[in-house]
Amino acid sequence: MNLTAEDIFSVQRGDGFKTLALNIFRFQAKNCEVYSAYIHHLRVKVEHVTEIEQIPFLPISFFKTHAILSSKAPIEITFSSSGTTGMVQSSHHVTDVKLYEQSYLQAFAQFYGDVTEYCFLALLPSYQQRSGSSLIYMVNDLIEKSRHPQSGYFLYNHDDLLQTLLDLKSKKQKTVLIGVTYALLDFIEQYDIDFPELIVMETGGMKGKRKEMVREELHEQLTKGFGVKSIHSEYGMTELLSQAYSLGEGVFNCPNWMQVLIRDTNDPLSLIAQGRTGGINVIDLANLNSCSFIATQDLGKINPDQSFEVLGRFDHADIRGCNLLVQ
């Protein structure tokens, strides 16, 4: 089976997505040793899986203990999750980093338009100060591809960030400020700025710097502090090569090659209907060379229009990655 990036990134919703997802499932069931063993353990017959809803989803914790690979090609890069000292990190071995690059560039274009029209400002101290972050890899590339002279990182130099924002506002420049939650809050505690056109994108997580907040309270503070109508968010993680985006209100939409399903918290092999809360399962077709079918530790629900919301995490789950605790 010769699956290509073109197959993945040209896929459309509906039967096209179903056909490709099932083809990738069969490919990974054969070529990913860990996933194959998991399917066998569940006594699932690959040839009997004819619907997306029948596909087994690999628990995300396997990325902490196993190398999840469906390709024998050399590993080009390994992304690792953040975590407190002593916590076992997830590792995502990527044999074709161009799949990741095409995924985030095409997703950004789908939701926001041409990368070259924007200036990207990054306030990501926790991510910058460690290695292996897939988020930093993406932001580095967005900054470079924007070709805007003021695109760049701001560690703790909030004065410089304020002046840059004011300058970009005066120029009416399309601007994205992507930041870890606690750093955005630190900034608005020092400064107020009224920049209605600014896209503030929070990546979630307090990284142990502040007490976790419910989304409504957090976004109320950030909208007031930056003078914007809504706060954008991205839903992504080390174990995925795609992100879903929220343009406000904590409601996320997936790019065409990604889909979310909700599983029963009491019966993890069963899915539940839209509108009900359960565990978030993610199909990420860009994960061609690892595993495209991941059972996360997040809780959420799907809306009638197939958008979804993240409502919290399972008890005793690690707080890490780009996940915002909203309960």
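Here are the numbers for the structure shown:
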quantity: Fraction of accessible area attributable to carbon and sulfur, the stretch 99-235 (%, probe 1.4 Å); calculated: 48 percent
quantity: Candidate values [x] 21.1, 67; [y] 19.5, 62; [z] 17.9, 51, label of the one derived for Rg and Dmax of the Cα atoms in Å; calculated: [y]
quantity: Karplus (6.51, -1.76, 1.60) ³J(HN,Hα), θ = phi - 60°, over the stretch 163-178, in Hz, Gly and Pro reported as x; calculated: 5, 5, 4, 5, 5, 5, 4, 5, 8, 6, 7, 4, 9, 10, 10, 9
quantity: Links that overshoot a 25 Å alpha carbon limit, given the list 172/229; 18/98; 224/301; 30/301; 18/64; calculated: 224/301; 30/301; 18/64
quantity: Normalised per residue, the volume of the convex hull around the Cα set of the stretch 99-235 (Å³); calculated: 108 Å³
quantity: Loop-resident sites, the stretch 127-165, for chymotrypsin sites (Phe, Trp or Tyr not before Pro), counting at most 12 other Cβ within 10 Å (DSSP); calculated: 156
quantity: Net charge, residue 178 excluded, C-beta distance under 10 Å - Lys, Arg +1, Asp, Glu -1; calculated: -2
quantity: Rounded tilt (10° steps) of 15-31 against the dominant C-alpha axis of the chain; calculated: 70 degrees
quantity: Average accessible surface area per residue within the stretch 178-284, 1.4 Å rolling probe, Å²; calculated: 38 Å²
quantity: In sequence order, calculated HN-Hα J values of the stretch 43-56 (Karplus, 6.51, -1.76, 1.60; Hz; x Gly/Pro); calculated: 6, 8, 8, 4, 5, 8, 7, 10, 10, 4, 5, 8, 6, x
quantity: Label-zone membership for the stretch 98-138, site residue 195, 7 angstrom Cα→C-beta point, backbone N under 14 Å; calculated: 118-124
quantity: Cα gyration tensor of the stretch 262-307 - equivalent ellipsoid semi-axes, whole Å, descending; calculated: 20, 13, 8
quantity: The stretch 180-206 and the stretch 107-130: distance between their alpha carbon centers, rounded to Å; calculated: 14 Å
quantity: At R0 = 45 Å, FRET efficiency that the Cβ-Cβ distance of residue 23 and residue 80 yields, to 0.05; calculated: 0.95
quantity: From phi via Karplus (6.51, -1.76, 1.60), per-residue ³J(HN,Hα) for the stretch 181-195 in Hz, x at Gly/Pro; calculated: 4, 5, 6, 5, 5, 4, 5, 6, 6, 8, 9, 10, 9, 10, 9
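The values are calculated or read from the model by the stated rules, or taken from the named source; none is laboratory data. Since the structure is predicted, the reported quantities are computational estimates derived from the model, not experimental observations. Using ideal geometry, Cβ is built from the backbone for each residue, glycine included, and neighbour counts are taken over all protein chains shown. For accessibility, only protein heavy atoms count, side chains too; no ligands or nucleic acids. Shrake-Rupley method; radii C 1.70, N 1.55, O 1.52, S 1.80 Å.
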